[in-house]
Every structure is written in C-alpha cells, then in structure tokens.
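*Asks:* Handing you this structure, nothing more for now.
Quick note: the coordinates plus some simple rules give every number you see, no bench work behind them. Computed from a prediction, not measured in an experiment: that's the story for all the values here. A quick note on method: Cβ atoms are made from the backbone with ideal geometry, for glycine too, and the neighbour counts reach across all protein chains shown.
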Amino acid sequence: MEERARSCLLRSKATLEQDIKASYLMDHMVSDGVLTNEEESRVLSKPTRREQAAALLEVLLRKDNRAYISFYNALIRESYGDLANLLHSDLPLLSPEGERSFGILSEGGVPQRPVVFVSRPTLLNLIREKLYRLQNTPGWVTVFGMAGSGKSVMAAEAVRDRALIKECFPGGVHWLSVGQCERADLLVRMQSLCFRLEQGQSSEASQRPPCSVEEAKERLRFLVLRRFPRSLLILDDVWDSSTLRSFDIQCRVLLTTRNRGLADSVSGTSFEVPVESGLDEEKALEILALYVNGKPHKLPEQARSIVSECKGSPLVVSLIGALLREFPDRWSYYLRQLQKKQFKRIRKSSSYDYEALDQAMDASLQVLEPEHQDLYRDLSIMQKDVKVPAKVLSVLWDLELEEVEDVLQEFVNKSLLFRDCNQRPYHYYLHDLQLDFLIEQNRDQIRTRSELSCFLPGDIDCSYWYRFLPYHMAKAGLSKELYSLMFSLDWVKEKAQFMGSAHLINDYVEYGEILDKEVRLQFQEFLSLNGHHLEQRPFPDIVQLALSQPACSEVYRQALMQAQKRASRGRLYLDWVNKNNQDSLSLLVMHPHQGSVYYAGFSKDGSKIASCGANKALRVFKTTSGEKLLELQAHDEDILCCSFSPDDRYIATCSSDRKVKVSVSRGALIREFGEEHEEQINHCQFTNTGRRVLLATCSNDKFTNTKNTMFGHMEPVNHCCFSPNDAYLATSSSDGTVKLFEVSSANEWKSIDVNSYFPESDDEIKAIVKCSTWSADGSRIICAARNAVFVFDVKTSDMLLEMKTSRLSTVQFCHACPNSSLLAVALSHYTVELWNFETSKKKAECNGHLSWVHCVQFSPDGSLLLSSSDDQTIRLWETNRVHTSSAAALKRDSDVLFFQSDVTIVAPDSRNRLQVQSTRDLHSEELPSRIRCTCISRNALFVALGTESGTVQVLEVPSGKTSQMLTGHTRTVHHCQFTDDGETLVTSSEDTTVRVWKWRTGEYLVLEGHKEPVRKFHLLNNSTSSHMFSWSFDGTVKVWDLNRGQMLQDLECHKGAVLSCDVSSDRHLFATTSADRTAKVWSIPSWEMTFLLKGHKDCVRSCRFSWDNKRLATGDDNGEIRLWSMLDGALLKICSRDTKDSMDSFHGGWVTDLQFSPDNRVLVSTGGYIKWWSVETGEALQTFYTMGANLKKIHVSADFTTFVTVDSIGILYVLKKVEGGSL
C-alpha cells in the first residue's frame, strides 16, 4: 500500500474504530476479492464491535492499494460518506493490470454478496474443487438443489477466489441469469451476453445482435474460443435441457439448477455438487442475528422454532430475517404464518425472483407434465420426516412398480423429492416446506386414497404399513376401519412384535380424539404396563398377557375368546381369576436398555425422559408413550448419569470412563471433557435456570467441577445438585458429609457431618452419603445415608427430621417434589417409598421393580414420578394415585387348601396380621412379632403361624380367636405344618430344633441333632407310621419317628447347605439339592446314594419327583431346570429360555419350586415368574408374568387346574386353567 494511503488510515484509525460496523463492510470487500473468508472469520471472532473494527484496520494495513480502494467503496455503499471523505484525498492509483484484476467479477456480472451472508465452507470448497477440474478442459459443474437452498449465492461466492481465477479462468468470469424463459426471452439473454463479450471490438458485424438462438450460440462459441479461451460461463437457474443445449459451445460452465439431470443432455465432462436443502441451526440463527443486528444466543426462543419449522431453508430464513429487520417485534407472527402454512404472507424482501415463498415452490411444480403434476400433488398424503418406499406409492397411484420408480426419478432429478440411497429398496421423502406447500394447495381436495388402508401382510416394505397404516386410515376418514384395526389384539401383537409397544402407545395418544375413549384407554394401559415384556425375545404370548387385564376390558374379552379357542386345540392358558382386586399404580413400564439402568431424568418441559446405564448408551424417549426419540452409544464404559440443560437443548452424560460429554438433544456431540477428572464421574447436573448455564460434575477423585473446581471432601463425591435458584451447590460424599458451596465463588459455605448421626459408625467406616436434594423453596437440604434420610435447615445446619426405612435395605437415591412436601426414596430392596418430609410420615410404597432401584425423580410439575432399576426397566408412576394408596400387601409365607372348587389361602400381610381368604375370611389382630410362616389344617378350621420371636400360635377360623399359644423355640420359626388328622403341629426353627406339638394340650417333643438352622421338613403320613425328613444348612438330612421323637437316620448328604428335599410317592427314593451345585438321589431301604447329579452351574435350590417316580426335576439359582431319569440317573432335558432375562437368569431369578401334573406330562416352576413346561420336549408351554418377582412357592390343586402364589410385592394370584369353548 502506498505510504500516503497507509498514513491516512493510521491518522483516521481512532475515528474509524469508533463508528464503523466491520461485518457490513467486509461483505463488499470479500466480493471484491481483497479479503479472504479466513480473514473475515478472524475479525468476526472478536467479542465487541469496536474490537472487530480495530482488527479489520490491522488487516487492511498489511494489504495493497486495492484493499484501500475496496474499503473506501464499502464505506460509500454503507452510507459512511463522512468517513469516506477522510480517505478520499489519499486514494492511490491502480495499474491497468491491477485494475482489471480488481474488476474481473463485476465486469462479468457476478452478483455482489448479499448484505447478510453466512459462509458454508464445506460446500464452498466442494464447488471450488470441481471448478479446478475444468482448469485444462471444457466441461460442466452442476450445482443442484431445491428452491431457496442457496445455489446462486454459493456459486457466486465460489468464484471470489483470486487463486482460482488466476489459475483456471484468467479469461474472465461471465454470469448469466437464465431462469424460466421462452425461446424469445432466451435469445434476448444470449444477445446481452454477446454484447458484453464484444465490448472493445470495432467490427460492425460483431456489433450486430444475433437474430436467432442458433446464431447466438455460434457467436458465443466464436467469442469464447477466440477472445476468452480460458473463461468461466456461469448459467444461473437453468430449468430445462433445451435451454442448456443452447450453451453447449465447448466452454467451461458452472450451472445452478433444480434439475440434477440437465447436464446429461450436453457434451463434455460433467461434475455434480448437491446443495443441502437446509442450514444447520447454528448457521440459520447466525443469519437471523445479522438481519436484526443481534447475537445468536440472545435471539428470542421463536428464532429456533422458525429454523426448526422451515428445516433451516436459507430462502425462508433470509425472507423472514429481512422482514424482521423492518418489523423486529414480529417473531411470533412470522412463526405462526409458517406453522399455519401461510406462505403468501412471507413476502419478498430481497432480490429473489419470486414475490412470495409459495410462488417459488409452485414454479418447480409447473415444469412437470400435467399427469405428473397430479401424481406429485398426491404426495400430500405423506407424513413429515417419513421416508416412503416406492411400493406404497405403487398402491396409491395404481401403477406398476417400475413405472412408479421412473416417475420418482424425475421428481428427484428436479429437486422436488429426495431419495435415501442408504436403504434398499430406495425410500423417498419430501422437504417439510414442499409437503406443507402441497397440503396447503390441496386443502380443499385432499386426494387420500383408501387403497392405502389395505394392509399388505408379508410385503417387503411392511415396516411402512405397520407404522403408518393408522395415519392413512385417519387421514382418509375411515373411522370404522381405524377402530377395528386399533382395537384388535391381533394388530397389537403384529405391530408390537415388529416395532415394539411404544409405537402402538403413541398411536393411541395420536388418534385419541377419533377412537372410543374407554376402549382406547384399556388398550393403552395394557401396553403401558406390559411393554417391557413385549421387548423380550422370544416374543411372549400376548393372549396370556392380555388375560391379566380386568374382566371388563375389551382387551381381556378378546384374549379370553382366543384362549378358549386355542385351549380346545390343546394349548395351555391361565386366567387370573382374582385380578379385579388389584390396581396397578404404574402408569408406564419401559425397557430402554440391556443392562442396569443407573439413572433416568425428565427434560425440563417434562415431555421427554433420558436414561443411561450399563450398556454405555444414552436413550431419550417420549414420556407419554416410551417411544424412542434418540439413542447414542455415548461412552466406552457404563454411563452413570445424564442431565438435560435448562432449555432442553443439550444433554450431558458422565461415565466410569472418566469423561463428560455434552450433546445436542438431536444427538450430535458438541463437547467432550476428558481431562477434568482422574476417576469415574458419578454424577452430572446442569443449573436449573437459563440465566447462567453451568454443568456440575463429581467424581471418585474427591472434588467437584463446575466452571471452577471445588475442593473439600476427603473421599469420593457421589452426587451434586444445584439449589433451586442456582446460588449453591450441594455435594454428597463417602466421607460422611454434605457440603454446600457458593456457585459464584466456588468457596465452601457450609459442611454438615451426616456421619455423626450414626453413633455406631467408627472413624474408619464412615456412613456413605449417597445423594442430596433441595426442598422446593431451597430452605432445606435433604440427604440419604445407609437406611435413613435426614432433613437439615440450610441456614442453621440443624437437623429437623430423620426418616428411617427398613433396616434390611439401604437408600440409593432421593428426590424432593418440586411443588409439595413429598420425598421419593429409592431402596435396595426393590421398592420406592414416598414420605412427607414435613411430618416424617411414610405415605406410600411403589412396588414392581425386580431388583435394586438406583434412581427416582419427580417430573417438573410433580405429577409424575419415575424410577430406574437393575431390572433394566424404568417405571412411571402417577404421584397422586401412589400417594393415596395404602392397601395392605400379603407376604409370601403362605399356605393353601384346595377343596373341590373352593380355595382357602392363609398368609400374613404387611401390617403383620394373619389373613385367611376363602368363603370364611379372617383378619387377625396385628401381632407384636413378625410372622414368618403359616399353615392351615385339612378341615380348614384352624391355622397356625410361627413368628420371628419363636412363638407359635394356633387360631380358630373364622373367629380369629387364639386357641393355643405355644412357646419353646428360642429363635425364628421357619416352617410349620399340621399332620393329616390336624391334631399334631410340627415346627422347625432357627434354633436348630424341630418341635412336634400336641397343640391342644401344649405337649411337645424336641427333635435335636442339627447344628445349623432347620429351614424346612417333609412329613410322611400314612396309616402305619409317621416319619419326617428334616434338612439343614449343616449339609445333613435326618429322618425322625414323630410318635417317639427318635432319630432314625442321620445322613451327611452334602458339603454345602441342603436347600431342598423330596420323597418319591412310592417311598423308595428321596432327593436332596445343595449349594454345592449338585443334586443326589438316595435309596430309602438302604440309605445309600443312588445317583449323583452334576451339571448345574449354580446352587440347586429345588427338586421334585414325578408322580410315576420315573423322573426328577431340579432347579437352580441360574434359572435352569433339568430333568433326570430315575432309571439310570441320565440327564433327559434342560428346560430354559433361549437367552437370559433382565435378572440375568433363565427364569427371572432362582427356581424356588417345582410341581408335576398328575399325568406327568407338564411341569410348573416358579422363579421371577411362573412357567409351564412340556416334560417330553423340555419346551415352555406358557409363561405367566407376575407384577412382582421372587416367588417362593406354587400351590397346585390335585387336578392341576388351579395355581396359587404370592409375589414379592404382596399380590395374590389365583390362576385357573382356561377350558376350551366359547363365550
């Protein structure tokens, strides 16, 4: 740069920095080719307007005279006339060569940069790369895309590159806007181009305009070959091949078009550059911000909605941005117009060729043949963001598949349709704007065809039908057909098996206004509570699942009809006859992960739930249906926590891989932190409000990270959470303390020693504080440690309340309701409890999980509660329903008496009362000591119970009056049983003894000999003798004479504990199973071992002889059942699932009980659920999924038609075999 020009800039520097807006000036300077995109980006990276101006001037001072002149011209164009006057007197002169280089683009008619411009570097580099291919040979570069995608702007930007012009097109760049034109209009455009190229020639012939398109074509060929041999011709917005052929003159051409296939009609090398239909959110927001002179992060929330609604279309964003520059308060108005498809109201405010958005899209449609226009309008039946196979459109158009593919190819070539080539067969889809335009155009005459409502089973594209058949039925107005489809158990089975239950639930929500409300809710509830079963493979019997629905439900009615038909053909089905007494409190059960679910949380608007766990994946799904919205393999190891940002735009995850990752809610990773922690990261949480968005993380390395690191804990930090106003951060640690830090300074504010509230703790073993939560008003901090929850006053640090849960359980997590005094507590004994932390009273229990509950969280409005567990499920509860429920639950220590068609059940309940349920119900008084076992006499007149304190009571039925109180045992009574005549009661105890009571008189015999607790015994009652087998953890089985109290045999059967024993019906054999993973069969006459049965991989917990004594069934803690021959001890069959279930078992847990049918053809087993097996094949005949788990035993009627059990959450099941027939 000349010295005087440079000095002028330096003299005026302070004034220029104070007044100019660099971004406006740089648009012109980049267009002039004196400023690169990289230099522009560096200037714009400065935080303030003044710093940007200073940076621009620094760049200018390092450049030549051309930069000074370009800067001067930019000042004039942007109305900085007074500042331009400061520079005018020192304007330098340009050499002829420099002047030509400076004006090459403007001479060629290349449009200036738009006032608002955002670079798309990837696309720009791709276009330039293709243009470099034309350096040594003529050819075509086709830039194609849908209307308004930014093709012309990017084509003009691509040639603003001095190196590209110098190396490839020194002969110049010539721009011609073509557009839709008749032949006469085309001639005028070609004449204009000829005139521009002939400037400077003196020949009269050369000045005469060509008289026809053909003559103009030859004139251009001559001019390009002779005068501009290495120039670039840019043809903007070409519509048809006949127009393009008029420029087939062996030159270098850059072409913008909506029709991808145009270049196929001309000769020469051809390259393609597709232009994406939409900008990403960040770029689109940057454009809007430039129009309104703001910053992207300060735009109103409607800005994101506008970008989302138009899918980032550059045309729409620019049109609306230009309108907002004039009317900056109309964000909501223009968003509404987009949502209402009022495209005519989004009118021209730029140099675009069409007055309004609808005209731009209609222009593309008009170039189609009339019959193809009609076919294209039919695409208004398509759904947004859905890719459709050609087979579907073949049904819609009633055309052969090959014809349909040809039509679709034409639409794709003209950028009217998009094709997904990643799927076979190809799938097609419309841009949202195109679909909205078609729907608006066809609003009065929607051409939805009912043919689409014909389901095509077995079709190669049946996934589309399963997903969208209800949509097409609803749109076609086929209400009756939709009703029949949606309320069909067959449809539920087919779609759930193919797509999962969440899609079905979403359908019932989506079309709820069309469908009958009562029946819809019945199907919706069925899927919500059984969806996790429908995720299993092999796919469960949906008819059996549906038989658990209330008797008044349409789901149950259809299931019973199908069950009866199938039962008449030999299939086995069970009807839960007492189910109407049960009311499931779960709103939805989801199975999002294969593996433990460590954390789940609501989005801030409550519409989504994010979950993470042992399978290293993050999953986001709808709160209403469980439909998956996003799944990311986010980490290399277990993900321990996830959190939504205050605006729900971002999701953070932390893992045992020592990394924190932040992703946008659509799934793209935007930030990874891998240096901040040295150990596994236990928890992460965003601030609650958007005033200042921070992310807090805590780790086993004993400190917490936000923007600053917070030190203070001496052991791993397990949890961290912000106060409601984000002023403080609470941290919970294994050092037994909760600390409160000031967020603004990162200084420790308070420390609460929770460990001091456990007097039994010592200095080395601290009470681990698992987590903490704030009350809604931020005045109290609530924390969990061991089996207790403490409430502290934040100001004084005083303990206000203590809530203690079961001593057998530990609190894993707690969360306070955001709008009430309810506190949810997650426990290791599979339960969620609700407490009132104002009164320290437990309000309810939420049962249903089958393993440890790791996390609980209320929804932002407090109406819902979710819990996640090791059982791989997330349960959603309605807070009000759970809160008001207080029904007493039964315990599993039950006994049952079958008499003809009557069933009498005796079991203790959660209030420690004894219940007898039959024609003569009994509810005893609450007992002081926990009831551990029960039994009922054969005549059903008396029941007995054993307690934790060692006492035994005999009660009359139905009065509940205590007939006898028997004392003698010194520890827990584990088992009791009446003899057949009801006069003798036998009990076994933790105190290692068995007692035989003449209970009416209180007389008893003590059977001593075991060295470990006696958990159970087996009575052999007959007319000649009364013998008993007892077994113990000491590995022995002992045989007793009950009448004399004498030990007949003392057998050391196993090295480990004996867990079960059974005696064959002919009294020749007995079997024992043990924790040593073996089973043994013994001869009663010789008391010698007959068979040693090996093969189980875990403790063998149960055994049962078949009634014909030919087989023995054994079950283990791995969920596996084996059938053995009692002729030679050979293994006959292994009964198990194909894969393990959510409890890492083949049976949902330990196999605790086994029973054969009288004909020895069927075996029933209990574990986490109940299964029936074919003895001959070892295959499962039926499965009944209980609501709880860990079944202890199954009581079976003599005819094998009635089955009774109680699950871990206290629900009683009376199951009756469904007989063949009809309703």
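*Asks:* Going Cα to Cα from K1094, which lysines come in below 16 Å? Please leave out same-chain ones fewer than 8 positions away.
*Replies:* Straight-line reach from K1094, under 16 Å: K1055, K1080, K1133.
*Asks:* Also, I was wondering about something else. Give me the extension gain from V188 to R566: residue separation times 0.36 nm, minus the current Cα-Cα distance, reported in nm with one decimal.
*Replies:* 128.0 nm
*Asks:* A further question follows. Considering just Cα atoms, how many Å³ per residue does the convex hull of segment 105-156 enclose?
*Replies:* 99
*Asks:* Which of the residue pairs K493/K565; K998/K1110; K608/K659; K387/K493; K166/K311; K843/K1216 have a Cα-Cα distance greater than 26 Å in the structure shown?
*Replies:* As for pairs spanning more than 26 Å Cα to Cα, those are K998/K1110; K166/K311; K843/K1216.
*Asks:* Sequence neighbours fewer than 8 away in the same chain don't count; with that in mind, list the lysines whose C-alpha is under 20 Å from K750.
*Replies:* K702, K707, K739, K766, K770, K795
*Asks:* Nothing charged except the Cβ atoms of Lys and Arg (+1) and of Asp and Glu (-1): what's the magnitude of the dipole of the chain about its Cα centre? Round to the nearest 20 debye.
*Replies:* Dipole of the chain, to the nearest 20 debye: 580 debye.
*Asks:* Which order do the peptides 613-622, 1190-1199 come out in when sorted by mean C-beta neighbours inside 10 angstrom, highest first?
*Replies:* Ranking, from highest mean packing down: 613-622, 1190-1199.
*Asks:* What percent does the relative contact order of segment 1-100 come to when contacts are Cα pairs within less than 8 Å and at least six residues apart?
*Replies:* 38
*Asks:* Please report Rg over Rh for segment 684-803, where both radii come from the alpha carbon positions and Rh follows the Kirkwood definition.
*Replies:* We get a ratio of 0.95 for segment 684-803.
*Asks:* Which of the pairs K283/K604; K517/K628; K13/K283 have their Cα atoms more than 27 Å apart in this structure?
*Replies:* K13/K283
*Asks:* Hey, another quick one. Could you tell me the convex hull volume per residue, in Å³, taken over the Cα atoms of segment 1-72?
*Replies:* Hull volume over Cα atoms, normalised by residue count, gives 70 Å³.
*Asks:* If you don't mind, there's one more thing I want to ask. Order 400-406, 771-777, 1114-1120 from most to least packed using the mean count of other Cβ atoms within 10 Å.
*Replies:* Top of the packing list down: 1114-1120, 771-777, 400-406.
*Asks:* So what's the projected area for segment 143-245, the Cα convex hull averaged over all directions, in nm²?
*Replies:* Average projection, Cα convex hull of segment 143-245: 7.1 nm².
*Asks:* Two-decimal Rg/Rh of segment 1057-1207 from alpha-carbon positions, Kirkwood Rh?
*Replies:* With Rg and the Kirkwood Rh in hand, the quotient comes to 0.94.
*Asks:* Report the net charge of residues surrounding L547, where surrounding means a beta-carbon distance below 15 angstrom and charges are Lys +1, Arg +1, Asp -1, Glu -1.
*Replies:* Taking every Cβ under 15 Å from that of L547, the sum is +3.
*Asks:* Using a Förster distance of 51 angstrom, determine the FRET efficiency expected from the C-beta separation of D329 and A776, and round it to 0.05.
*Replies:* Working from the Cβ atoms, E equals 0.90.
*Asks:* Net charge around S645, counting only other residues with Cβ within less than 14 Å of its Cβ (Lys, Arg = +1; Asp, Glu = -1)?
*Replies:* In short, +4.
*Asks:* Let me ask something else about it. Note down the Stokes-Einstein diffusion coefficient of the chain in µm²/s, whole number, using a Kirkwood radius over alpha carbon pairs, 20 °C, and 1.002 mPa s.
*Replies:* Answer from the Stokes-Einstein relation: 58 µm²/s.
*Asks:* When only Cα pairs under 8 Å and 6 or more residues apart are kept, what is the percent relative contact order across the chain?
*Replies:* Rounded, it is 5 percent for the chain.
*Asks:* What angle, in degrees between 0 and 90 and rounded to the nearest 10, separates the Cα long axis of helix 501-510 from the longest principal axis of the Cα atoms of the chain?
*Replies:* 60
*Asks:* Within the P(r) computed for segment 1176-1223, what percentage of the Cα pairs occupies the region above 11 Å?
*Replies:* Pairs farther apart than 11 Å: 74 percent.
*Asks:* With runs of 4+ DSSP H residues as the only contributors, calculate the mean residue ellipticity of the chain at 222 nm using -39,500 (n - 2.57) per run, divided by the residue total and rounded to the nearest 500.
*Replies:* Mean residue ellipticity, 222 nm, calculated: -8000 deg cm²/dmol.
*Asks:* Considering only the other residues whose Cβ falls under 13 Å of the Cβ of S568, what net charge follows from Lys and Arg at +1 and Asp and Glu at -1?
*Replies:* Computed value for this residue: +4.
*Asks:* I've got another one for you. Grab the beta carbon distance between A746 and D605, set R0 = 30 Å, and tell me the FRET efficiency rounded to 0.05.
*Replies:* 0.50
*Asks:* Apply 1/(1 + (r/R0)^6) to the Cβ-Cβ distance of N939 and Q1049, taking R0 = 45 Å, and write down the FRET efficiency to the nearest 0.05.
*Replies:* Calculated value: 0.90.
*Asks:* In whole angstrom, how far apart do the alpha carbon centroids of segment 600-679 and segment 411-436 sit?
*Replies:* 31
*Asks:* Where does helix 281-291 land angle-wise versus the long Cα axis of the chain, in degrees 0 to 90, nearest 10?
*Replies:* 40
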